[in-house]
Amino acid sequence: MDDPGAAWGGDAGLFSRYLNDTGQPFLLLDQAGGQQAHIRFTGPWQGREVVWDCTFVTLACEQAQVASGVSPAVGCFIDIGPPGDNGIPLRVCLDLPGIDLPAIRKMIVMIRNYRRLRSGRHDFGVNRFSPAP
């Protein structure tokens with residue numbers, strides 16, 4: 001693939017070819033301290049193939065942001081933003097001890113298999129943490 005922009009754009013066909021040509025199932029952009037990762041991958045959404053531009057975080061990482069006032073009270077969730085030039089922003093928060101390659105692969109399978117995904121935030125599990133008033 002001669003187009004370096006293929007890794008960053010929102011064109012699912014072009015990005016799929018980039019992944020195929022480079023022999024990667026997904027693009028891992030950053031894995032900060034094992035508590036969060038930035039990943040790009042393709043998958044179905046609302047009847048078409050899209051590029052997911054995903055921030056994947058542990059519940060502990062998200063709770064630390066809650067405690068600092070950066071984020072609202074939280075449990076596990078999937079948050080899908082509006083489509084943009086780089087694909088569809090996705091934030092996934094799961095109750096895991098850390099984010100490693102097996103966890104990333106399982107999260108990608110989960111997103112690809114979840115048939116009722118819609119834009120917005122989808123909370124699930126118990127909200128185990130609320131900051132003191």
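We did not get these values from a lab; they are worked out from the coordinates using the rules stated. On a predicted model such as this, the values are computed, not experimentally measured, just so you know. Here the Cβ positions follow ideal geometry from the backbone for every residue, glycine too, while neighbour counts run over all protein chains shown.
Just a few scattered comments:
- Relative exposure of Glu49, Glu62, judged by other C-beta atoms within 10 Å (fewest first): Glu49, Glu62
- Gain on full stretching of the segment that runs from Arg121 to Gln65 - 0.36 nm per residue minus C-alpha separation: 18.5 nm
- Cβ crowding within 10 Å ranks Asp100, Asp30, Asp53, Asp79 as Asp30, Asp100, Asp79, Asp53, fewest other Cβ atoms first.
- Under-5 Å amide H pairs with Val74, H placed in peptide plane, nonlocal only: Phe129
- Ranked list, fewest to most other Cβ atoms within 10 Å of each Cβ, for Trp45, Trp8: Trp8, Trp45
- DSSP beta bridge pairing in segment 26-124, given as percent antiparallel to the nearest 5: 80 percent
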